[in-house]
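**Student:** Right, I'll just put the structure down here and ask away after.
The values are calculated or read from the model by the stated rules, or taken from the named source; none is laboratory data. Everything numeric in this text was worked out from a predicted model, so none of it was measured. All Cβ positions, even for glycine, are placed from backbone atoms using ideal geometry, and neighbour counts span all protein chains on display. Note: areas computed on protein heavy atoms with side chains; ligands, DNA, RNA excluded. Shrake-Rupley method; radii C 1.70, N 1.55, O 1.52, S 1.80 Å.
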Amino acid sequence: MTYLAKPRLHHPTLPTNKLGYTRRDYEGAISTLCAGCGHDSISAAIIAACFNLDLPPHRLAKLSGIGCSSKTPTYFLGNSHGFNSVHGRMPSVLTGANLANRELIYLGVSGDGDSASIGLGQFAHAMRRGVNMVYIVENNGVYGLTKGQFSATADRGSKSKRGAVNNDSPIDMVMLALQLGATFVARSFSGDKAQLVPLIEAAVKHQGAAFIDVISPCVAFNNHPGSTKSYDYVRAHNEAVNRLDFMPRREAISTEYAPGEVQEVIQHDGSVLRLRKLAADYDPNDAIGAMNSIQQRHAAGEILTGLLYVDPEPNDLHVMLDTADKPLNAMTDPDLVPGAMALEKINASLR
Ligand SMILES: Cc1ncc(C[n+]2csc(CCOP(=O)(O)OP(=O)(O)O)c2C)c(N)n1
Ligand code: SF4
Ligand SMILES: [Mg+2]
């Protein structure tokens, strides 16, 4: 048996959102991951974010590759569209789906092996093309599913469970996403729900390529002393640049912080990201500054988390390709075959 269905009983007093759904309505099958795996906490954060945003589950499509992380879409949003693709190929499958139906919200779930090794090229092109999606990498520094080999995000000098030292230079996916032009870039920790849930909410509302690297300890293969992706290491070295409050468009905005401590970013749809600055000099609209800060803190052995960069006026792939507003999969013959007159006009314009 690859998954267990959950009983459909709801406690009658469970809170409901504006659609009348409880959190249970955003869950999936019972997880078969190891008890304590960080990936399960990320699934819980995705469930909480979609519940808070009152998302109709049928409006969301979740796509993944291969790995323990890529298995997780089975464990959340059981009433949404889902596609478990091939190892490292989630970004191209998602891009195709997005081009065919721009009206869905796209959530790509991947692992550090899936995205930083076999799928690195795919990841790069989804970011640089600005595919409107939330791209979550559940980053544990190992190939968990295939029993704990170092992945390309493992820090140089970190140790495997059996004591082998990783001599390779790590790939920092946040740095890559910034360099490639992603318009929303964040890093978080599976054990920090207060930071992760609003980050996911804001990323869902962002109209462009939103990337979140979530450090997610693998309790079976990478949670020992010597690992820089263990619960203890991340708790001890986590340096948050901001705390994010996310306010959807319809909510009245009231301020409760002293001036100078808060930065507000208004998104395209009118929703507001309110950033409580923990590092006073941190500017989340400066991609080059973000790269410098990440490198400096990494050299000091710290992991910078929070919303690292956001472009409040992003362009997505549909804007860049100037596609029609009507989704391709809703077009009928007259839309797709405009007839000889239209063809003649185009030909005449090219003569
Ligand atoms: C084409 C191909 N090559 C290799 C594999 C073997 N494989 C399965 S999962 C995986 C790595 C998964 O690592 P990651 O994406 O970090 O996920 P995790 O299990 O750590 O969450 C590999 C190499 C495969 N399934 N398909
Ligand atoms: S092997 Fe690691 S990544 Fe996979 S389920 Fe277990 S703890 Fe999670
Ligand atoms: Mg992994």
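**Student:** Along the charge dipole of the chain, Cβ charges K/R +1 and D/E -1, which of THR146, ILE118, ALA299 sits furthest on the positive end?
**Tutor:** The residue sitting farthest along the positive end of the dipole is THR146.
**Student:** Taking only DSSP H segments of four or more residues, each worth -39500 (n - 2.57), what value at 222 nm results for the chain once the sum is divided by all its residues, to the nearest 500 deg cm²/dmol?
**Tutor:** -8000 deg cm²/dmol
**Student:** Moving on to the next point. Using only the Cα atoms of the range 203-351, what do you get for the radius of gyration and for Dmax, in Å?
**Tutor:** 22.9, 71
**Student:** Show ILE346, ILE66, ILE303 ordered by accessible area, largest first, where the area counts protein heavy atoms only and the probe is 1.4 Å. Don't skip to the end; give the middle numbers.
**Tutor:** Values: ILE346 95, ILE66 70, ILE303 25 Å².
If we order ILE346, ILE66, ILE303 from most to least accessible, we get ILE346, ILE66, ILE303.
**Student:** Could I ask something else about it? Between ALA279, ALA61, ALA182, where does the largest GNM mean-square fluctuation fall for the chain, given springs only between Cα atoms within less than 10 Å?
**Tutor:** Residue with maximal mean-square fluctuation among ALA279, ALA61, ALA182: ALA279.
**Student:** Here's something else I'd like to know. Enumerate the amide H contacts of VAL142 below 5 Å, restricted to partners 5 or more residues apart or on another chain; note that Pro and chain-start residues carry no placed amide H.
**Tutor:** Here SER151 satisfy the definition.
**Student:** Which of rounded, prolate or oblate describes the chain when judged by the alpha-carbon gyration tensor and an a/c cut-off of 1.5?
**Tutor:** Rounded shape, in that the Cα axes give a/c under 1.5.
**Student:** Evaluate the charge dipole of the range 1-53 about its Cα centre and quote only its size in Debye, nearest 20, assuming +1 on the Cβ of each Lys and Arg and -1 on the Cβ of each Asp and Glu. Could the numbers behind the result be given before it?
**Tutor:** Details: 5 positive and 3 negative charges, 34 e Å.
Roughly 160 debye for the range 1-53.
**Student:** Which one of ARG235, ARG102, ARG162 has the biggest mean-square fluctuation once the chain is modelled by GNM with Cα springs under 10 Å?
**Tutor:** Evaluated over the chain, the most mobile residue of the options is ARG162.
**Student:** GNM on the chain, C-alpha springs below 10 Å: top fluctuator among GLY96, GLY119, GLY148?
**Tutor:** Its mean-square fluctuation being the largest, the pick is GLY96.
**Student:** Could you list, in their original order, any pairs among LYS193/LYS229; LYS18/LYS277; LYS147/LYS229; LYS18/LYS205 whose Cα atoms are separated by more than 21 Å?
**Tutor:** Details: LYS193/LYS229 17 Å; LYS18/LYS277 31 Å; LYS147/LYS229 16 Å; LYS18/LYS205 17 Å.
The pairs that break the limit, which is 21 Å between Cα atoms, are LYS18/LYS277.
**Student:** At a probe radius of 1.4 Å, what is the per-residue accessible area of PHE51, in Å² to the nearest 10?
**Tutor:** 20 Å²
**Student:** Give, rounded to the nearest 20 debye, the magnitude of the charge dipole that the chain has about its Cα centre when Lys and Arg contribute +1 at Cβ and Asp and Glu contribute -1 at Cβ.
**Tutor:** Once rounded to the nearest 20, the dipole reads 960 debye.
**Student:** Let me ask another. Report the longest stretch of the chain that contains none of the GluC sites (Glu not before Pro) sitting in a DSSP loop with at most 13 other Cβ atoms within 10 Å. Mind dumping the intermediate values first?
**Tutor:** Working: sites that count: GLU103, GLU251, GLU256, GLU261.
By the stated rule (loop sites, at most 13 other Cβ atoms within 10 Å), 104-250.
**Student:** Choose one of ALA210, ALA182, ASN329: the residue whose Cα lies farthest towards the positive end of the charge dipole of the chain (beta-carbon charges +1 Lys, Arg; -1 Asp, Glu; about the Cα centre).
**Tutor:** ASN329
**Student:** Defining a contact as two alpha carbons under 8 Å apart and six or more residues distant in sequence, what relative contact order in percent does the chain show?
**Tutor:** 15 percent
**Student:** Among DSSP bridges having both ends in the range 28-154, what percentage is antiparallel? Round to the nearest 5.
**Tutor:** 10 percent
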